[in-house]
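Visitor: The following block contains the structure, expressed as structure tokens.
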Amino acid sequence: MREAHSLAKSAEGRTTPDPLVGAVLVKSGRIISMGYHGEVTTPHAEAWAIQKAGEEARGATLYINLEPCCDFANKNNPPCTEAVIRAGIKRVVASMKDPNPMVNGRGFAKLKRHGIRVEVGLLEKEARHLNEVFSKYIRTKRPFVCLKTALTLDGKIATRTGASRWVAGPEALRFAHHLRNIYDAILVGIGNVLIDDPRLDVRRVEKVKDPVRVVLDSFARTPLRAKVLTTGKARTIIVVGPRAPKSKVEALAKKGAEILSVSAPNGRINIKELLKKLGEMKITSLLVEGGGEVNSSFIAANAVDKAYFIIAPKVFGGRDAKTPVEGEGIALPGQAKWLKNVYVDKVGEDILISGHF
């Protein structure tokens, strides 16, 4: 099963909007075939493993991290339950049920009706973590939101002058680009664009893809020469409010930006409405690399699923230096937003704290 999980994870960032799935066929105590879902248009993991095994698959045990699909809605691949039944597999060991409402236990039920022994729950916690993006999107049609920020020991993300390159070390930067590599889209605020003029692409790691670039820009202030508009081939979505000047919006559209209009009370983009619209655009996961105000907006909207805080062992100081979560803040310590499933790791000389809200 660990091998199945490893195979699934090897396609991270490539299968969206499909889940990550790995399959291992075992017979007479040895692995006879393996497969994984490589991209959205390629065969599903179990179908690939069965095809490679051929007649030897008859009587084998299938280990898989996710319940085999049983619906005909997928235009790229037929139901995997059919392939499992036809192959004569005698036993299926799965980590978890498919959270897709169109499957969710129906695949297992069909296998059992055909006399196949089914066992569920091996490494279930790890399996849920592996497909947390798919699970969120398939149930809610909203993207899974991950917030990533780098700060100093004294809680600063920039100096008093606004300089922020680089807070963290080179290993942490590689980790940040790894996240860009596996998430569908990356989001920043207009302040980041005006101050740093980022490209928001993938470097420092072997590239799978560049993420869709999303800029929160209530009043359409993105410069026409900004790198998000003039570099790379990734889509750029400029999120504007109803008070954005029409002439500026039209100019951004002519530069190739996709304009997404969202309500913006008090000049701030409505985060929940934004996520609904991004979900409708088939964006299943969103990496937020905002400044303190953007981060605060997402946290206040209870819109963050997962967070990575990278803490560099250095001190900036400065009462006016920026912090990772600003906004109005809470009034009492008891109102704090807590992380669960917390992990602490080292990334080079920096400390990485991760968890789920």
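The values are calculated or read from the model by the stated rules, or taken from the named source; none is laboratory data. The structure displayed is predicted, hence computed values, not measured ones. Here the Cβ positions follow ideal geometry from the backbone for every residue, glycine too, while neighbour counts run over all protein chains shown. The protein model used for the area step is the full one, side chains on, heavy atoms only, and it has no ligands, DNA or RNA in it. Shrake-Rupley method; radii C 1.70, N 1.55, O 1.52, S 1.80 Å.
Visitor: With the other protein chains left in place, how much accessible area per residue, in square angstrom, belongs to the stretch 1-120 at a 1.4 angstrom probe?
Guide: 46
Visitor: Candidates (i) 0.96; (ii) 1.11; (iii) 1.03; which is the computed Cα Rg over 2.2 N^0.38 Å?
Guide: Checking each listed value against the structure points to (ii).
Visitor: Gaussian network model of the chain, Cα springs within a sub-10 Å range: biggest mean-square fluctuation belongs to which of His178, His44, His114?
Guide: Fluctuation is largest for His114.
Visitor: Moving to a separate point now. In a Gaussian network model over the chain where Cα atoms closer than 10 Å are linked, find which of Leu216, Leu224, Leu278 has the largest mean-square fluctuation.
Guide: Ranking Leu216, Leu224, Leu278 by mean-square fluctuation puts Leu224 first.
Visitor: On a 20 Å Cα-Cα criterion, which of the cross-link pairs Lys110/Lys141; Lys207/Lys254; Lys148/Lys346; Lys148/Lys277; Lys141/Lys306 come out too long?
Guide: Where the Cα-Cα span goes over 20 Å, the pairs concerned are Lys110/Lys141; Lys207/Lys254; Lys148/Lys277.
Visitor: What does the accessible area per residue of the stretch 242-300 come to in Å², with a 1.4 Å probe and no ligands, DNA or RNA counted?
Guide: 50
Visitor: Quantify, in whole percent, the carbon and sulfur part of the accessible surface of the stretch 185-227 (1.4 Å probe; protein heavy atoms only).
Guide: 48
Visitor: Each residue of the stretch 315-331 in order: what ³J(HN,Hα) in whole Hz does its phi give by Karplus 6.51 cos²θ - 1.76 cosθ + 1.60, θ = phi - 60°, with x for Gly and Pro?
Guide: 10, 9, x, x, 5, 9, 5, 6, 10, x, 9, 10, x, 6, x, 8, 8
Visitor: Can I ask one more? Which of the peptides 298-306, 341-349 is most tightly packed, and how do the rest follow, going by the mean number of other Cβ atoms within 10 Å of each residue?
Guide: 298-306, 341-349
Visitor: OK, next. Among Ser296, Ser28, Ser218, which one shows the highest mean-square fluctuation when the chain is modelled as a Gaussian network with alpha-carbon springs under 10 Å?
Guide: Most flexible of the set in this elastic network: Ser28.
Visitor: Just to check I understand the Karplus step: with θ = phi - 60° and J = 6.51 cos²θ - 1.76 cosθ + 1.60, what whole-Hz values come out for the stretch 14-21, glycine and proline as x?
Guide: With coefficients 6.51, -1.76 and 1.60, one gets 9, 9, 3, x, 7, x, 8, 9 Hz.
Visitor: Turning to a different aspect of this structure: Placing +1 on the Cβ of each Lys and Arg and -1 on the Cβ of each Asp and Glu in the stretch 1-156, which of Met34, Leu122, Asn104 has its Cα farthest towards the positive end of the resulting dipole?
Guide: After comparing all options, I get Asn104.
Visitor: Using the Karplus curve 6.51 cos²θ - 1.76 cosθ + 1.60 with θ = phi - 60°, what ³J(HN,Hα) values do you get for each residue of the stretch 178-188, in whole Hz, with x for Gly and Pro?
Guide: Karplus-based 3J(HN,Hα) across the stretch 178-188 equals 4, 5, 4, 5, 10, 9, 5, 9, 10, 10, 9 Hz.
Visitor: Let me ask you something else. Would you mind telling me the share, in percent, of accessible area of the stretch 261-357 contributed by carbon and sulfur at probe 1.4 angstrom?
Guide: Carbon and sulfur: 54 percent of the exposed surface of the stretch 261-357.
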